[in-house]
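The values are calculated or read from the model by the stated rules, or taken from the named source; none is laboratory data. None of the values given here were measured: they were computed from a predicted structure. Heads up, the Cβs are rebuilt from the backbone with ideal geometry, glycines too, and the neighbour counts pull from every protein chain shown.
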Amino acid sequence: MPQYKIAIIGAGPAGYFTAQALQNSQDEQRTFAIDMFERLPTMWGLVRSGVAPDHPKIKTVAKVFEKVASEPNFRLFGNVEIGTDIDIEELCARYDAVVMCTGSSVGKKLGIPGEDLPGSLSAAEFVPWYNGHPDYAQLDVPLDGTTAVVIGAGNVAMDCARILAIDPTELDPTDTAPQALAELHKSKIRKVYIAGRRGPEHAAFTAPELRDLPKLEHTDVLITKEEVEAAHARAEAAGEIEKHLASNLEAWRLIAEHPRSGHERQMEFHFLAAPKEFKGNGKVEEVVFGINTIKDGKVIDTGETYSIKADLVISAIGYQAAPINGIHFHHGVIENEAGRVLGTNIYTVGWAKRGPSGVIGTNKSDASDVVKLLIEDLRDEARPDFDITPFIPAGVQIVDQAAWSRINAAEVAAGEALGKPRLKEVSIEKLLHLGQ
């Protein structure tokens, strides 16, 4: 019975769900030996560095990842970067299949004047900053002004705005990165605007996220009743309102009708607002918005504008994949057909394959579909058995599953002493030390 060797690149949800799908596909005809590679010493991808720290329930999926990693046919190679430490060609020549699960980590640009001014950040920088990603530990987030603007109408924008708008004491019991939490405690920001270029009926927020907003203890969340009613009328005029949209519109109504408590901290939604320009002398000081309207279901620029004085702007308008040596990308994703990278034994799953869409669980069905294609393509005979370790440069300290378990346990123990789920370490050097 052949045992096929599969390399999975990326230790996030897409990677672990791919490994799980392979493990579940083993039978009398074939088994799999799985090697997972991750450039960081820490695993779990967006579950660690993307999910908001005040939403800990979502992170419990890590238990599934740990079960996958405990199987005898699974090996972990953390702190190893494909395309730098090992060429992708080396993997393709030795593994029966290579699955790219590298995600989308670069924020999309608005393409407007002033976007590169200091004080203008992408959610792709801000989110990993407060979540303790080592690459962003030193990010300069200006929190000394009173007003911030978040541009975008999805859950990532919502997370960014909420982290800025809530009282930092609400983050004290979470795994917010220590250096970010210290800065948020010093923050002078009290007003946060969320701006979307279309109407509330088009926003990509999910209903549970919206329903949580009136529960914020120290923050008033604002949207006018008129804006919600207009969105409902437009949705009705467009035809039958689907279940998820009806749920969202009801959540909007509850936010609009929720009594204001007169809190100093406020989060306010602005819809039909298209960013036109960031203005400022050496840093962001003002955001100019075009006013849109909706006619026959289409968003139309009215030509009118208004502006908001702001000291920090975060753009949350989507992600695209970071380049990897030896891999071709097209429109921010790996060039592929249904997960196959044609002409190679490379496959792709997750955001690297389809772009930044869906929730964490979406990657499970995506992985299952791609693994079916991978199995269809396998040759009758597996490639000769081998060990990839000698091909990794001698100076690279590999974080295997045992080392990652030590890092994880050390963070959890440090957090328990402070009443937190974990205390994240953001230094690569210190993480590697914890793994020894």
Looking only at residues that are modelled with pLDDT under 95 and assigned to a loop (DSSP other than H, G, I, E, B) in the range 295-310, which one is farthest from the chain's Cα centre (by Cα)? Asp296
Can you tell which of Gly282, Gly303 is over 16 Å from Val192 (Cα atoms), out of contact with any strand residue (DSSP E or B) (no Cβ under 7 Å at 6 or more places or on another chain), touching a residue at least 40 places away in the same chain (Cβ under 8 Å) and not polar (S, T, N, Q)? Gly282
Determine which single condition Phe386 fails, assuming it passes every other condition in (1) of a type outside the set (Gly, Ala, Ser); (2) surrounded by fewer than 16 Cβ atoms within 10 Å (Cβ to Cβ); (3) within 27 Å of Lys63 (Cα to Cα). (3)
Filtered residue count, the range 340-349, keeping only those that are touching a Phe, Trp or Tyr at 6+ places or on another chain (Cβ under 8 Å) and either more than 16 Å from Tyr95 (Cβ to Cβ) or among the aliphatic types (A, V, I, L, M) (or both): 2
Residue under question is Ser427, and the condition is that it be without any contact (Cβ under 8 Å) to a residue 12 or more places away in the chain and either not aliphatic (A, V, I, L, M) or not assigned by TED's automatic domain parsing to the domain that holds Lys59 (or both); does it hold? no
Gln29 being in the same structural domain as Arg383 (by TED's automatic domain parsing), modelled with pLDDT under 95 and polar (S, T, N, Q): yes
Inside the range 287-300, the number of residues satisfying the requirement of being surrounded by 17 or more Cβ atoms within 10 Å (Cβ to Cβ) and either without any contact (Cβ under 8 Å) to a residue 40 or more places away in the chain or within 30 Å of Pro168 (Cα to Cα) (or both) is 4
Has the range 360-376 got at least one residue that is in a loop (DSSP other than H, G, I, E, B), under 30 Å from His55 (Cα atoms), at pLDDT below 95 and among the β-branched types (Val, Ile, Thr)? yes
Considering (1) of a type in the set (Lys, Arg); (2) in contact (Cβ under 8 Å) with a residue 60 or more places away in the chain; (3) more than 30 Å from Ile82 (Cβ to Cβ), say which one Lys188 fails and leave the rest. (2)
Per the list (1) at pLDDT below 95; (2) over 21 Å from Gly154 (Cα atoms), residue check on Val284 breaks on (1)
In the range 237-250, is there at least one residue being over 25 Å from Ile58 (Cβ atoms) and either in contact with a Ser or Thr (Cβ under 6 Å, 6 or more places away or on another chain) or among the polar types (S, T, N, Q) (or both)? no
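Report yes if Val412 is touching a residue at least 60 places away in the same chain (Cβ under 8 Å), out of contact with any Leu (no Cβ under 8 Å at 6 or more places or on another chain), within 19 Å of Met43 (Cα to Cα) and of a type outside the set (S, T, N, Q), otherwise no. Quick ask: steps written out before the conclusion?
On the way: touching a residue at least 60 places away in the same chain (Cβ under 8 Å): no; out of contact with any Leu (no Cβ under 8 Å at 6 or more places or on another chain): yes; within 19 Å of Met43 (Cα to Cα): yes; of a type outside the set (S, T, N, Q): yes.
In short, no.
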Ala251 - would you say it is under 26 Å from His218 (Cα atoms) and in contact with a Phe, Trp or Tyr (Cβ under 9 Å, 6 or more places away or on another chain)? yes
Restricting attention to the range 90-112, which residues are part of a loop (DSSP other than H, G, I, E, B), closer than 21 Å to Thr18 by Cα and either without any contact (Cβ under 8 Å) to a residue 24 or more places away in the chain or of a type in the set (D, E, K, R) (or both)? Asp96
Residue under question is Leu22, and the condition is that it be over 30 Å from Asn155 (Cα atoms), in a helix (DSSP H, G or I) and in contact (Cβ under 8 Å) with a residue 60 or more places away in the chain; does it hold? yes
Which is out of contact with any Ser or Thr (no Cβ under 9 Å at 6 or more places or on another chain), of a type in the set (A, V, I, L, M) and under 21 Å from Val127 (Cβ atoms), of Ile194, Ile151? Ile194
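Among Asp135, Asp87, which is surrounded by fewer than 18 Cβ atoms within 10 Å (Cβ to Cβ) and either farther than 22 Å from Asp35 by Cβ or free of Cβ contacts under 8 Å to residues at least 12 places away in the same chain (or both)? If you could, list the steps in order and put the result at the bottom.
On the way: Asp87 fails: either farther than 22 Å from Asp35 by Cβ or free of Cβ contacts under 8 Å to residues at least 12 places away in the same chain (or both).
Asp135 is the lone residue from the list that is surrounded by fewer than 18 Cβ atoms within 10 Å (Cβ to Cβ) and either farther than 22 Å from Asp35 by Cβ or free of Cβ contacts under 8 Å to residues at least 12 places away in the same chain (or both).
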Log entry, pairs with first residue in the range 325-354 being at positive phi and in a loop (DSSP other than H, G, I, E, B), second being among the charged types (D, E, K, R) and surrounded by fewer than 20 Cβ atoms within 10 Å (Cβ to Cβ), beta carbons closer than 9 Å, six or more apart or on different chains, reads Gly326/Asp87; Gly326/Glu89; Gly332/Lys108; Ala338/Asp369; Gly339/Asp369
The number of residues in the range 377-407 that are without any contact (Cβ under 8 Å) to a residue 24 or more places away in the chain and within 25 Å of the chain's Cα centre (by Cα) is 1
How many residues are touching a residue at least 40 places away in the same chain (Cβ under 8 Å) and either in contact with a strand residue (DSSP E or B) (Cβ under 6 Å, 6 or more places away or on another chain) or not acidic (Asp, Glu) (or both) when one looks only at the range 218-265? 23
